[in-house]
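Undergrad: Supplied in structure tokens, the structure appears directly below.
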2 protein chains.
Amino acid sequence: MADLGRRARAASRRVALASAENKNAALRAMAASIRSRADAILAANAEDLADAKAKGQTSAFIDRLVLDPERLEAIAQAVESIADLPDPVGRVLARFERPNGLKIDRVATPLGVIGVIFESRPNVTADAGALCLKAGNAAILRAGSESFRTSSAIAEAMGEGLERAGLPADAIRLVPTRDRAAVGAMLSGLDGNLDVIVPRGGKSLVARVQEEARVPVFAHLEGLNHVYVHGAADLEMAKSIVLNAKMRRTGVCGSAETLLVDRACADTHLEPLLSMLLDAGCAVRGDEAVQAADSRVTPAEEGDWRTEYLDAIISARIVDGLDAALAHIETYGSHHTDSIVTNDQATAERFLAEVDSAIVLHNASTQFADGGEFGFGAEIGIATGRMHARGPVGVEQLTSFKYRIRGTGQTRP
Amino acid sequence: MADLGRRARAASRRVALASAENKNAALRAMAASIRSRADAILAANAEDLADAKAKGQTSAFIDRLVLDPERLEAIAQAVESIADLPDPVGRVLARFERPNGLKIDRVATPLGVIGVIFESRPNVTADAGALCLKAGNAAILRAGSESFRTSSAIAEAMGEGLERAGLPADAIRLVPTRDRAAVGAMLSGLDGNLDVIVPRGGKSLVARVQEEARVPVFAHLEGLNHVYVHGAADLEMAKSIVLNAKMRRTGVCGSAETLLVDRACADTHLEPLLSMLLDAGCAVRGDEAVQAADSRVTPAEEGDWRTEYLDAIISARIVDGLDAALAHIETYGSHHTDSIVTNDQATAERFLAEVDSAIVLHNASTQFADGGEFGFGAEIGIATGRMHARGPVGVEQLTSFKYRIRGTGQTRP
């Protein structure tokens, strides 16, 4: 692992200085290598699948692991689409000229070496490696052990693409062992050769990384997201947003987990919202007022307000106005994504200003919490920390910056 | 300490939402309180000074610690000048409208609670507290124990100013004990109530914080800065920049520690540069070629290339062209501030692009590494890490951001 870190650091210096054209050529060559090695990748995947089935993995697990020619083509296209993004390195983020004539530019630079620890989704090998490279970084990828053969085959294709473009294969490396000790070595920072870690997977993985990592982490532990239907909400809009926020996909981090209905509109809005959810197959756990509005509602316990269901379940309660909604979200939320539905502009602006979450929305579904929906092209994850990256982490957030100062012989008085 | 953290967190929520006018009123009230409490602050300082002298502290130490009415007025004026800076909170950092009509703003928000650990410089209590507040953050300040009474008196004035403006005094608190265990509590993050730590002081303090902190750190361990006199450098400009970079103030982190002279101009430039430095009272430790150019040069050991002298001493060597200069800086530098002197634009651009330091300069002195010189108004320190803040850390770098999305009922397909 120490050698992997040193080689990644050396490779990071080379890709940091590579031109946009060179990196994009590498990305296109990676996609070509994924296509030309399709048979080998699919064969490796078949072996991983056979093992996973023999171990009795769930059908959901198998579905995430399985590749077919269509999915593999989608992976190759995703890598190509990253080549089409604007290059985030070298952007002038700020420029100022000083009275003494010094011209100071704040310019985007790569972060360095990025570690990505993920579970058994083969596409992450390609997505994460490609995103890191686009931003001029080297990547060390740790795949779930059940997808080890598949991820290895994809990583080899990525390395081949890099070398065909004249860049070092060490810029994207899969940890070459299933040994769990490798994760610990990454969390300790590989002797200073890892600058940031991105965990992608379930809550226990993220919690461990957040707890143990000695380097910065871009991650969210959970998306305990709220939709607050304010007293001045349009009922039809509220129904449409709540249904989409909860039920479009229940397993994504941007799905809503708690519905807050303002007492001011409860008489008119509560029952229609509940019956819509219940009729759509969503279980509702509510406070007493919510239970009284529909007999199918079951009682919410205190723990429900803290639970990210990631399922067709929602907790619901009545709140007395904006301040009570803000207090609930501050107490129980996870600073990920929260939305207000209202036709009152002043209330909306207070919600947008005061809710301390990475993403706050007015009259829109929480399921927009996604780098693609932001126009970032792709994301490596969503972060709820306040340092460096927050919200969807796209290629721009995978850069740092430095100051370039151009003078004509200036000295400091 | 746990209580201090909880109260700072609560106060941070209030100052995060305070208007620019409110925060500026508090800063001006703090300056007024510092002036009105001048007698008490100077009396406290006299007690600290008496103890320090009794303990036999150096005169340099005493000079940093001592306050007089003029210095105290300068402290008050520095706090007022921070009120005059533009408010960094709420700036729209990016704005994009999506094809579905969603309007997405990336808006600057405060970081949260900032811990500042510093040695016995009383002005840091006021400077750091004021900068943190300006950016909407709460601050927990740990002063050097020798300045404890002075810092406490200043912190009380800051708290009085906050309260006069209707903001919580808990937004700027000095750690109320000289107990060294308090530093350990801060490094562990105060139960999640500290978001970032800024150490200000000598290398051993910074090293300990970087080694032990479980929260992000904005700092630089050392400024091992280079001036590279390229073959196409103007001799007079090179002399002026080298003399200023080394000798203007030798104890600041932006001072030059190593002179690299290109072999291409050594015949004409080396001897004049060396005699200028030596005549100015700077000791020169050089490689063989440098020793041969002036008999006053003493031999450089390998360790000299790694030494931040912070004194009137410079190491000097001949390098064979830009690549050798880049390799030397990468091997021995500290990624702080490096400068090239040359009239060749293409070489300068390569140096600016390829040197991986927070600040890189062309034809200007390294001593410009300072937030004030950048126009930031004030800085809390200089960072050499790549995460979040890099270079001078002014009020802008003491903010995070979030996404505010305004819709008209959009749901995600």
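The values are calculated or read from the model by the stated rules, or taken from the named source; none is laboratory data. Predicted model only: the values in this text are computed from it and were never measured. Here the Cβ positions follow ideal geometry from the backbone for every residue, glycine too, while neighbour counts run over all protein chains shown. These area figures cover heavy atoms from the full protein model, side chains too; ligands, DNA and RNA do not enter into them. Shrake-Rupley method; radii C 1.70, N 1.55, O 1.52, S 1.80 Å.
Undergrad: Quick one: accessible area per residue over the stretch A:225-373, 1.4 Å probe, rounded to a whole number of Å²? Each step should come with its number before you reach the end.
TA: Values: 5120 Å² over 149 residues.
Here the per-residue accessible area is 34 Å².
Undergrad: So how much accessible surface do A and B hide from each other in total, probe 1.4 Å, in square angstrom to the nearest 100?
TA: Working: alone 18120 and 18120 Å², together 30370 Å².
For A against B, buried area totals roughly 5900 Å².
Undergrad: Further, regarding this structure: Going by amide H atoms built from the backbone, whose H comes under 5 Å of the H on A:G381, apart from near neighbours?
TA: A:V393
Undergrad: For A:D51 and A:R13, what is the calculated FRET efficiency with R₀ set at 41 Å and r taken between the beta-carbons, to the nearest 0.05? Working shown, then result.
TA: Working: r = 38 Å, r/R0 = 0.93.
Calculated value: 0.60.
Undergrad: What's the whole-number percent of alpha carbon pairs in the stretch A:181-314 lying beyond 25 angstrom?
TA: Counting every Cα pair in the stretch A:181-314, those more than 25 Å apart make up 39 percent.
Undergrad: Rounded to the nearest 5, what % of the DSSP beta bridges within chain A are antiparallel ones? Before the final figure, lay out the partial values.
TA: On the way: 15 of 53 bridges.
Of the beta bridges lying entirely in chain A, close to 30 percent run antiparallel.
Undergrad: Can you tell me what share of the DSSP beta bridges in the stretch B:225-370 is antiparallel? A percent to the nearest 5 is fine.
TA: On the way: 0 of 24 bridges.
In the stretch B:225-370, approximately 0 percent of DSSP beta bridges are antiparallel ones.
Undergrad: Related question: Comparing the chain by itself with all protein chains present, which residues of the stretch A:226-260 are at least 10 Å² less accessible (probe 1.4 Å)?
TA: Those are A:M237, A:S240, A:I241, A:N244, A:R248, which lose 10 Å² or more relative to the chain on its own.
Undergrad: Percent of accessible area on the stretch A:225-373 owned by carbon and sulfur, 1.4 Å probe?
TA: Looking at the stretch A:225-373 in its full context, I get 46 percent from C and S.
Undergrad: Taking only the alpha-carbon atoms of the protein assembly as shown, what semi-axes of the equivalent ellipsoid follow from 5 times the gyration tensor eigenvalues under a square root, in whole Å, largest first?
TA: 48, 37, 22
Undergrad: Which whole-angstrom value gives the distance between the alpha carbon centres of the stretch B:149-205 and the stretch B:1-44?
TA: 11
Undergrad: Another one. At B:G375, with labels set 7 Å past Cα in the Cβ direction, how many nm apart are the copies from this one, shortest first?
TA: For B:G375, the other copies' label points sit at 2.7 nm, shortest first.
Undergrad: Considering only DSSP beta bridges whose two residues both sit in the protein assembly as shown, what percent are antiparallel, to the nearest 5?
TA: Taking every DSSP beta bridge within the protein assembly as shown, about 25 percent pair in antiparallel fashion.
Undergrad: Sticking with this one: Can you list residues whose amide H is under 5 Å from B:S120's amide H, if they're 5+ apart or on another chain and H is modeled 1.01 Å from N?
TA: For B:S120, whose amide H was placed from the backbone, the distant partners under 5 Å are B:G144.
Undergrad: Now, a different point. Sorted from shortest, what are the nm distances separating the label point of A:S204 from equivalent points in the other copies, each placed 7 Å from Cα along Cα to C-beta?
TA: Label-point separations across copies, in nm and ascending: 4.5.
Undergrad: Here's another thing I want to ask about it. Over the stretch B:225-370, calculate the relative contact order: mean separation of alpha carbon pairs under 8 Å at least 6 apart, over the residue count, as a percent.
TA: Relative contact order comes out at 33 percent.
Undergrad: Can you give the mean number of other chain Cβ atoms that lie within 10 Å of the Cβ atoms in peptide B:361-372?
TA: Mean number of neighbouring Cβ atoms from other chains: 5.
Undergrad: Would you pull out the residues with amide H under 5 Å of B:I172's amide H, same chain only if 5 or more places away, H placed 1.01 Å from N?
TA: Amide H to amide H, under 5 Å and 5 or more residues apart or across chains, B:I172 pairs with B:A139.
Undergrad: Per residue of the stretch A:364-376, in order, report the coupling 6.51 cos²θ - 1.76 cosθ + 1.60 (Karplus, θ = phi - 60°) as ³J(HN,Hα) in whole Hz, putting x for Gly and Pro.
TA: Computed from phi, the couplings for the stretch A:364-376 are 7, 6, 5, 6, 6, 5, 6, x, x, 5, 7, x, 7 Hz.
Undergrad: Here's something else I'd like to know. Of A:K203/B:K402; A:K239/B:K134; A:K246/B:K103; A:K402/B:K402; A:K239/B:K402; B:K53/B:K239, which ones are farther than 30 Å apart at the Cα?
TA: A:K239/B:K134; B:K53/B:K239
Undergrad: Shifting gears a bit: What nm value, rounded to one decimal, do you get for the distance between A:D179 and B:V252 when each label is placed 7 Å out toward the C-beta?
TA: About 5.0 nm separates the two model spin labels.
Undergrad: Quick check: from the Cα gyration tensor, does the stretch A:328-372 come out rounded (a/c under 1.5), prolate or oblate?
TA: In terms of gyration-tensor shape, oblate.
Undergrad: Output ³J(HN,Hα) for the stretch B:233-243: one whole-Hz value per residue in order, computed from phi by the Karplus curve 6.51 cos²θ - 1.76 cosθ + 1.60 with θ = phi - 60°, and x for Gly and Pro.
TA: Once θ is set to phi - 60°, the couplings for the stretch B:233-243 become 7, 6, 4, 5, 5, 4, 4, 5, 6, 5, 5 Hz.
Undergrad: Ignoring everything but the protein chains, give the 1.4 Å probe accessible area of B:D63 in square angstrom, nearest 10.
TA: Looks like 80 Å² after rounding.
Undergrad: For A:L17, go 7 angstrom from Cα along the Cα-to-Cβ vector, then report the distances to that same point in the other copies in nm, smallest first.
TA: Once sorted, the set of distances for A:L17 reads 5.1 nm.
Undergrad: Moving on. Using just the C-alpha positions of the stretch A:54-199 as equal point scatterers, what log10 of I(q)/I(0) does the Debye formula give at each q in 0.11, 0.16, 0.20 1/Å?
TA: The calculated log intensity ratios at q = 0.11, 0.16, 0.20 Å⁻¹ are -0.49, -0.90, -1.25.
Undergrad: With a probe of 1.4 Å, find how much accessible area the stretch B:101-189 has per residue, and write the answer as a whole number in Å².
TA: That works out to 25 Å² per residue.
Undergrad: Residue by residue, what Karplus-based ³J(HN,Hα) values in Hz, rounded to whole numbers, does the stretch A:325-341 have, using 6.51, -1.76 and 1.60 with θ = phi - 60° and x for Gly and Pro?
TA: 5, 4, 5, 4, 5, 5, 6, 10, x, 10, 6, 9, 8, 9, 10, 10, 10
Undergrad: Give the accessible area for A:F118 in Å² (nearest 10); use a 1.4 Å probe, count only protein heavy atoms, and leave out ligands, DNA and RNA.
TA: Only protein atoms counted, so the area is about 10 Å².
Undergrad: Share of the stretch A:7-62's accessible area from carbon and sulfur, percent, 1.4 Å?
TA: Carbon with sulfur: 55 percent of the solvent-accessible area.
Undergrad: What residue of chain B sits with its beta carbon nearest the rotation axis taking B to A, and at what distance in whole Å?
TA: It is B:H388, 2, counting Cβ atoms only.
Undergrad: Oh, and also: Taking 0.36 nm per residue of sequence separation and subtracting the Cα-Cα distance, how much length would be gained by fully extending the chain between B:T331 and B:E211, in nm to one decimal?
TA: That pair, B:T331 and B:E211, stretches by 41.1 nm at full extension.
Undergrad: For the stretch A:217-278 and the stretch A:288-340, what is the separation of their C-alpha centers, rounded to whole Å?
TA: Using only Cα atoms to place each centre, the spacing works out to 9 Å.
Undergrad: Can you give the Rg and Dmax of chain A based on its C-alpha atoms, in angstrom?
TA: For chain A, the Cα radius of gyration and maximum Cα-Cα distance read 23.9, 80 Å.
Undergrad: Now for a separate question. Would you mind calculating the relative contact order of chain B from Cα pairs under 8 angstrom and at least 6 residues apart, reporting the percent as a whole number?
TA: Taking the mean separation of contacting Cα pairs over the length of chain B, I get 18 percent.
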